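Here is the structure we will look at.
Coordinate-derived values only; no laboratory data. Only a predicted model underlies this, so the values are computations on that prediction, with no experimental measurement involved. All Cβ positions, even for glycine, are placed from backbone atoms using ideal geometry, and neighbour counts span all protein chains on display.
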Amino acid sequence: MSLRFSPSSALPVLVLIALAVFGRAAGAQSPERFFDTASVAHDTVRLTVFYPSVKTLKNIFALKAQGFIPYKNLEIIGVYHVKEKTDYRESVRYLQDEKIEGVRFHAVAADLSVETLYGPNAASDEFRKIFDLSDGMIFFGGPDMPPAAYGEKTDFRTVIEDPYRHYLELSMIFHLLGGGQNEGFKGFLENRPDFPILGICLGMQSLNVGAGGTMVQDLWSEIYGKTTVEEAVALDREQWHKNPYAMIPPLDRDLGPYMLHPIKLSAEGRTWKAMGMTAADRPYVASSHHQSLEKIGKGFTVVATSTDDRIIEAIEHEKFRNVLGVQFHPEFRKLWDATPEYKTTPDDRDLFGYRTQLEAHPPSYEFHKRLWIWFFTRMKAPGRTT
């Protein structure tokens with residue numbers, strides 16, 4: 001038997017064949033859509049993370065190896081937008097190569113723009129399902145967000161690299177919390193006020209902007225009045241917040257990727273009290289950012305600052321008690337490694353390890369440990385119902 005196609009009917013078939021061949025040649029995969037068919041997790045604890053890059057996954061697995069995650073049955077769902085610049089096929093290959101199970105992905109394809117972020121939009125129903133089927137969420141660090149998302153023009157020092165990542169995360173956060181941009185909108189957490197959310201660096205900035213806050217686009221120039229890198233180098237190291245030597249020759253590969261510096265904890269910080277910390281504690285944290293919070297978003301309060309009180313280091317939600325944002329990086333896996341492999345300046349003769357530095361400034365190591373235990377123990381136990 002022979003099959004006949006008219007030119008018009010043959011074209012779609014040829015296109016599909018070509019796409020299939022190209023996909024195999026390029027190693028392409030159809031984006032996974034976990035939440036389309038997922039149900040309530042009765043036998044696992046489900047953590048949803050945004051920006052599920054290889055680095056992000058490695059940092060989470062390092063937390064588990066340290067014993068900071070109290071679940072053997074943790075399921076991780078990585079959520080991203082199909083227009084993000086990160087190639088998440090690398091994450092899939094990493095998991096396959098390392099034979100790691102329990103990690104799935106969900107690619108959001110809904111059309112999002114600055115104009116549609118803060119209200120019902122094409123992703124609203126999808127956001128609701130992701131929330132309903134999750135036990136906790138983490139928003140990780142990353143590049144500068146578009147200032148248009150908080151109603152400002154773009155400073156020359158702001159570098160926009162991945163706008164769709166920001167559109168996805170800002171809109172998801174607004175749907176979770178509500179915000180000052182749309183006072184009549186009821187956030188998802190109104191029905192589950194104890195749901196845990198952690199925002200790290202960009203993640204904290206996104207929590208703030210998603211709730212209606214704004215940003216300082218360059219802290220060295222706007223807060224400290226410095227217009228050159230060389231002027232920033234001359235500041236006290238506790239005012240660096242990222243290593244300025246990484247921006248001028250000689251570009252030393254041994255420079256630590258994060259600056260260690262102490263922070264001030266607020267005596268009113270609900271999270272710190274739950275962790276057993278006090279305002280007298282000055283834990284060292286690891287930072288790398290050139291932007292900071294300005295106007296605080298609806299529902300948030302400041303619970304940590306830099307030692308000079310000029311940079312906001314942590315915020316927590318007044319109504320939703322398990323929503324925390326931190327400007328530093330408690331997830332960096334090298335924090336648990338004492339191996340001396342980094343410098344602070346190109347002139348340093350001795351290398352340092354992050355864990356050694358944390359342990360040399362108590363209660364810094366204990367602070368990080370308790371922070372992660374605090375977050376993960378706030379996730380619902382298996383068998384919860386929505």
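Note down the relative contact order for the chain as a percent, whole number, built from C-alpha pairs under 8 angstrom at least six residues apart.
Rounded, it is 17 percent for the chain.
Give me P(r) over the range 131-173, computed from all C-alpha to C-alpha distances, binned every 10 Å, as integer percentages.
24, 49, 20, 7, 0
What fraction of the DSSP beta bridges in the chain is antiparallel, stated in percent and rounded to the nearest 5?
45 percent
Have a look at 265, 95, 176 and tell me which one the Gaussian network model of the chain (Cα, springs below 10 Å) gives the largest fluctuation.
For the chain, modelled as a Gaussian network with Cα springs under 10 Å, the answer is 95.
Checking the cross-link filter: which lysines have an alpha carbon closer than 18 Å to that of residue 85, excluding same-chain neighbours under 8 positions apart?
Of all the lysines, those that pass the test against residue 85 - Cα under 18 Å, at least 8 places apart if same chain - are 55.
Nearest 10 degrees, 0 to 90: what angle lies between the long axis of helix 163-177 and the longest principal axis of the chain (Cα atoms)?
It is inclined by approximately 80 degrees.
Counting other Cβ atoms within 10 Å, which GluC sites (Glu not before Pro) in the range 81-161 have at most 14 and lie in a DSSP loop?
Passing sites in the range 81-161 are 98, 101, 152, 161.
How big is D, in µm² s⁻¹, for the range 236-362 by Stokes-Einstein at 37 °C and 0.692 mPa s if Rh is the Kirkwood radius over C-alpha pairs?
Using the Kirkwood radius from Cα pairs, D works out to 210 µm²/s.
Taking the Cβ of residue 102 as the center, what net charge do the other residues with Cβ under 13 Å away carry, scoring Lys and Arg +1 and Asp and Glu -1?
Spelling it out: positives minus negatives among the neighbours equals +1.
Let me make sure I get this right: for the range 44-377, a, b and c are the square roots of the gyration tensor eigenvalues over alpha carbons, sorted descending. Under 1.5 in a/c it's rounded, otherwise prolate if a/b > b/c, else oblate. Which is it?
It is rounded, given that a/c, with a ≥ b ≥ c, falls under 1.5.
Test of understanding: given the chain, find the longest segment containing no chymotrypsin sites (Phe, Trp or Tyr not before Pro) that are in a DSSP loop and have at most 15 other Cβ atoms within 10 Å.
186-386
Roughly how tilted is helix 364-377, in degrees to the nearest 10 and between 0 and 90, from the longest Cα axis of the chain?
40 degrees
When we measure straight from the Cα of residue 129, which aspartates and glutamates land under 14 angstrom away, once same-chain ones fewer than 8 places off are left out?
Straight-line reach from residue 129, under 14 Å: 36.
Using +1 on the beta carbon of Lys and Arg, -1 on that of Asp and Glu, and nothing else charged, what's the dipole of the range 44-377 about the Cα centre, debye to 20?
860 debye
Checking the cross-link filter: which aspartates and glutamates have an alpha carbon closer than 20 Å to that of residue 186, excluding same-chain neighbours under 8 positions apart?
115, 125, 126, 132, 135, 169, 194, 316, 318
With Cβ to Cβ distances under 9 Å as the rule, what net charge do the other residues near residue 216 carry (K, R +1; D, E -1)?
-3
Quick one: longest stretch of the chain between exposed loop trypsin sites (Lys or Arg not before Pro), exposed meaning at most 12 other C-beta atoms within 10 Å and loop per DSSP?
In short, 254-348.
Please report the projected area of the range 107-225's Cα convex hull averaged over all directions, in nm².
Quarter of the Cα hull surface area: 7.6 nm².
If the limit is 21 Å between Cα atoms, which of 273/319; 83/298; 58/380; 83/334; 72/380 go over it?
Beyond 21 Å: 83/298; 58/380; 83/334.
Okay, helix-only estimate at 222 nm for the chain: each DSSP H run of n ≥ 4 adds -39500 (n - 2.57), divide by all residues, round to 500 deg cm²/dmol; what do you get?
-8500 deg cm²/dmol
Putting +1 on Lys and Arg Cβ atoms and -1 on Asp and Glu Cβ atoms, find which of 301, 221, 259 reaches farthest to the positive end of the dipole of the range 187-312.
Result: 301, furthest along the dipole toward the positive end.
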